[in-house]
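The values are calculated or read from the model by the stated rules, or taken from the named source; none is laboratory data. In this text the structure is predicted, and so the values were computed from the model without any measurement. Using ideal geometry, Cβ is built from the backbone for each residue, glycine included, and neighbour counts are taken over all protein chains shown. In case anyone asks, the SASA skips ligands and DNA or RNA and just uses the protein heavy atoms, side chains included. Shrake-Rupley method; radii C 1.70, N 1.55, O 1.52, S 1.80 Å.
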Amino acid sequence: MALLVRVLRNHTSISQWVPVCSQLVPVSPNQRQWGRTLFGLSQKIKIAALRMYTSCVEKTDFEEFFLRCQMPDTFNSWFLITLLHVWMCLVRMKQEGRSGKYMCRIIVHFMWEDVEQRGRVMGVNPYVLKKNMILMTNNFYAAILGYDEGILSDDHGLAAALWRTFFNQKCEDPRQLELLVEYVRKQMQYLDSMNGEDLLLTGEVSWRPLVEKNPQSILKPLSPTYNDEGL
């Protein structure tokens, strides 16, 4: 089960394609200072964006999604799950003004760098990879629009958006749609409960389980941590 995901995890590392990753250091819980120059602030947001994207690919239980949503263990399934979590991060960070929108652009940039790197690891022909990247880009922006409409609608509207994009119009079990609608709603509620300044500083996001064992813990996010430079 989930052999592809394990292979990708064993052979890809974000630090291989983003030099700034090597600059990340263990964080301490006491210091929270913003950089005073625009360049410093920009760099901090980039690092926070990297952390946030990393949370989408390293803190998500892909195998549980494969199992409960009956998804094939493929690169496309990995991308659909990642896309969903990236979108939820974008929705949250767009609420944080200009800095949040800038962070959104950086998150998307890191996502495409990662997708391309993983395609190379899998040995995809460069020409085929380029064509697939164009197709995935188009699908990404179409999915974002659909999910944006769905989250602002009722559960039926959100279910329709998930059915079209996440399940590629092939979900025959309404329980799977119900599970995913519940997951997105509780996840957005959880993200909204996090302090926006903390997210801009650290980019650290944790994800609720697909199936909640302790519903009472949903609105209890962990306190963020910082390093000596306020990151």
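For each pair in 46/101; 101/131; 94/130, compute the distance between the two Cα atoms and list the pairs where it is over 18 Å. Pairs exceeding 18 Å: 101/131; 94/130. Sequentially through the range 72-78, phi angles give Karplus couplings (6.51, -1.76, 1.60; θ = phi - 60°) of x, 7, 10, 5, 5, 5, 4 Hz, Gly and Pro residues having no value and appearing as x.
The amide H of residue 124, built 1.01 Å from its N in the peptide plane, has no neighbour under 5 Å, considering only residues 5 or more places off or on other chains.
Would you please classify the overall shape of the range 44-197 from the alpha carbon gyration tensor, given that a ≥ b ≥ c denote the square roots of the eigenvalues, rounded means a/c under 1.5, and beyond that prolate means a/b larger than b/c while oblate covers the rest? Verdict is oblate for the range 44-197. With the dipole of the range 44-197 worked out from charges on the C-beta (+1 for Lys and Arg, -1 for Asp and Glu) around the Cα centre, which of 176, 151, 69 lies farthest toward the positive end? The listed residue farthest towards the positive side: 151. Phi angles across the range 48-59 convert, under the Karplus curve 6.51 cos²θ - 1.76 cosθ + 1.60 with θ = phi - 60°, into 3J(HN,Hα) values of 5, 5, 4, 4, 5, 5, 4, 5, 5, 9, 10, 10 Hz, Gly and Pro given as x. Taking all protein chains into account, the per residue accessible area for the range 44-197 stands at 48 Å² (1.4 Å probe).
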